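What follows is a single structure, written as structure tokens, with notes after it.
Here, each number is a calculation from the coordinates, and none is a lab measurement. Quantities reported herein were computed from a predicted structural model and do not represent experimental measurements. We place every Cβ from the backbone using ideal geometry, glycine too, and count neighbours over all the protein chains shown.
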């Protein structure tokens, strides 16, 4: 797997939070759970969480994996299609608040849930690089 950078989220080691993988599971009407695999400050981290929906589960899993994420409030999540059709790319923008400051994260991909999780991780990386 080569290093890539997708709208601020990298699977290389230069970012504080580097994306590896996301797995979603929902069985028979139960609340979905998400497992994320990240590299946090160069160390592999895997976390699983359950939420109200797939995106909520993925963001909760990131919050479990990245302790400072619990200090953030997700204020906005916008999904924008980049083309027409159900299998086309989308762009997700999130805004998180931390100690009175706002940080935006962006990502683009074909999967809406994974893209939203990557955008949240990107916002956390913006927070890490703030003065």
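The table below lists the values:
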| item | result |
| --- | --- |
| Qualifying residue in the range 107-114 (condition: in contact with a strand residue (DSSP E or B) (Cβ under 8 Å, 6 or more places away or on another chain), assigned to a helix (DSSP H, G or I) and crowded, with 19+ Cβ neighbours inside 10 Å) | yes |
| Some residue of the range 53-73 being in contact with a strand residue (DSSP E or B) (Cβ under 8 Å, 6 or more places away or on another chain), closer than 23 Å to residue 110 by Cβ and surrounded by fewer than 17 Cβ atoms within 10 Å (Cβ to Cβ) | no |
